Amino acid sequence: MALHSILKNVNHIKPRLPTPNIYGLRKLCSEDCGEEKKGLVLGVYEGENDEPVFTKAASKFNDHTSGKLYDLVKRAGPEIKRGGARIFNNMDKEFWSIAVVGLGKEKLGYNELEAIDEGMEAVREAAGMGAQVLKREGVTRILVEGLGHPEQAAEGSALALWRYQENRSRQHWRIIPTLELFDDCDAEGFQRGLFKAESQNLARRLSDTPANQMTPLHFAQETVNELCPCGIKVMVHDKDWIEQKKFQAFLMVARGSCEPPVIVEISYCGAPQDQKPVLMVGKGITFDAGGLCLKRCEGMDRFRADMSGAAAIIAAIRAASALSLPINIEAVIPLCENMPSGMAMKCGDVVMGLNGKSIMITDTDNEGRLMLADALVYGQAQYKPRLVIDVATLTPGVRAALGSAASGVFTNSQTMWSQTRKAGVITGDRVWRLPLWKFFTKKVTYFRSHDVNNKGWGHGSSCIAAAFLNEFIDCVDWIHFDTTGVGMKSEHKVYPYLTKGRMTGRPTRTLIQLLYQLSCPAEGARKLE
């Protein structure tokens, strides 16, 4: 296979810190942009008696305009609430437009009931709203003040500006403004935020690409293109290798499609070689029709993002390299399509997993757990990890339970749950723990004719899927992210800085934060700084 021969055994490339392409598309040339229009995002808190309370940078700018900004904000009507924005034009010669954004009450912090740092999230919302309204004003260069949290300001504004427009005619592309920090000394924090947002935007782009343009081989090529320039080792294995290694459950899923299956192995070495790595496994179904248990036609197109778990892992590893995290990471990404055909797996088929357990396929639409099972067993045997993390859009049950509010998390370690929860609190991309009880183990193993069943019996689909995967985990700390509700298309405007109707790229930033906490345990309770 030609592409396989190009991709296999990619050598290390000298590490370098990539320049963030925060927009998820090629930069438009200067002649396309015309005259540069600068915009500025400034913050305001909710004060008493509708009196605006400016941030430090906004207060300085107000002094620069001899109080004109304060007067305009007061005359504009009711105070600017959290996440709101007001635009003022022709106020300063340097700036085409000024966006004053609401940050809510001063000194917001950790909300235990909501499991979120409201101060950081308010900054993301405000910066994102400011960037969006300035973009609508035709601004081509946006300066954002730190708003008290420069890293989060960069995240919110960069995520808000991203658009997927790769398949539009170039003359119809919308100009995406550039981003810079205004009047804040923490340029490093702002740059870090851009790297994190750029990583999530990478996951969004991979997930949003149509399935005919993001086949398993194309996904493998994208992985090489994104990771190898960062000094990360990538190996791509074809069907012959997969058959040689006896990934029978994975091959059973792949056999219904004409697209050949691929396994991508990724190695990031940021710590001494004798340090045990973290193993990451991502579900890489580049299109899921459900196999012979065909999904409904309505909404089937969103299952081009059934590889969003794999996309989030690739994006997180890229960020780990860009941020030089002192940790070793190994990743195993199985890639294929789940399609109906005369060769497709059938209900009632039995296949042998890589660990020797027989699996009955009762539902061909439960393909993700089959391919993950082989990848988990292989990764544990190959790398002897200290922790296993898998990310997958696995079950509709977690979407029914949590909606798009949080990723469902299953783990066999209380310590790892504490670390994962902290990561979700800090990033605002929350997680919620669901049970990994023996009650659910019986539902997938209590059968006389085979060892495990890919559907099980009874209710609790997300817990049953986690119990199935647990049968392929061997005495190691394990975290399973079920991201069906958060990792696909954003059906509602849950986050002001994520585009409704497009893929979310979640939980990329939570994975990055978790990797940071694991690599720097002494600072694990702190945000990435």
- line: Reported set for region 58-89 where residues are surrounded by fewer than 12 Cβ atoms within 10 Å (Cβ to Cβ) and either polar (S, T, N, Q) or part of a strand (DSSP E or B) (or both) is Ser66, Asn89
Cβ-Cβ under 6 Å pairs, at least 6 apart or on other chains, region 211-236 side in contact (Cβ under 8 Å) with a residue 12 or more places away in the chain and under 13 Å from Cys336 (Cα atoms), far side of a type in the set (Asp, Glu) and in a loop (DSSP other than H, G, I, E, B): Thr215/Glu259; Pro216/Glu259
message: For region 93-100, check the following and say yes or no: at least one residue is free of Cβ contacts under 8 Å to residues at least 60 places away in the same chain and either surrounded by fewer than 16 Cβ atoms within 10 Å (Cβ to Cβ) or over 21 Å from Ile142 (Cα atoms) (or both).
response: yes
- prompt: Do we find a residue being among the acidic types (Asp, Glu) and in a loop (DSSP other than H, G, I, E, B) anywhere in region 418-431?
  reply: yes
task: Give me the pairs, please: first residue somewhere in region 453-475 and outside the structural domain of Asn355 (by TED's automatic domain parsing) and at negative phi, second residue anywhere and small (Gly, Ala, Ser) and in a helix (DSSP H, G or I), beta-carbon distance under 7 Å, and either six or more positions apart or on two chains.
output: none
- prompt: Can you spot a residue in region 509-524 that is within 29 Å of Thr286 (Cα to Cα), buried (at least 23 other Cβ atoms within 10 Å of the Cβ) and in contact with an Asp or Glu (Cβ under 7 Å, 6 or more places away or on another chain)?
  reply: yes
query: Residues in region 379-410 that are hydroxyl-bearing (Ser, Thr, Tyr), surrounded by fewer than 24 Cβ atoms within 10 Å (Cβ to Cβ) and at pLDDT 95 or above: how many?
result: 2
query: On the given criteria, is Ser324 on the phi > 0 side of the Ramachandran plot, surrounded by fewer than 18 Cβ atoms within 10 Å (Cβ to Cβ) and not in a helix (DSSP H, G or I)?
result: yes
Flag if Asp186 is under 14 Å from Thr499 (Cα atoms) and not basic (Lys, Arg): no
- prompt: Restricted to region 212-223, and to residues that are buried (at least 20 other Cβ atoms within 10 Å of the Cβ) and not polar (S, T, N, Q), which residue is nearest to Ala305 (Cα to Cα)?
  reply: Met214
message: Here is a check on your reading of the model: is Met343 outside any helix (DSSP H, G or I) and modelled with pLDDT of 95 or more?
response: yes
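The values are calculated or read from the model by the stated rules, or taken from the named source; none is laboratory data. As the structure is a prediction and not an experimental result, all values here were calculated from the model. Ideal geometry is used to build each Cβ from the backbone, glycine not excepted, and the neighbour counts take in all protein chains shown.
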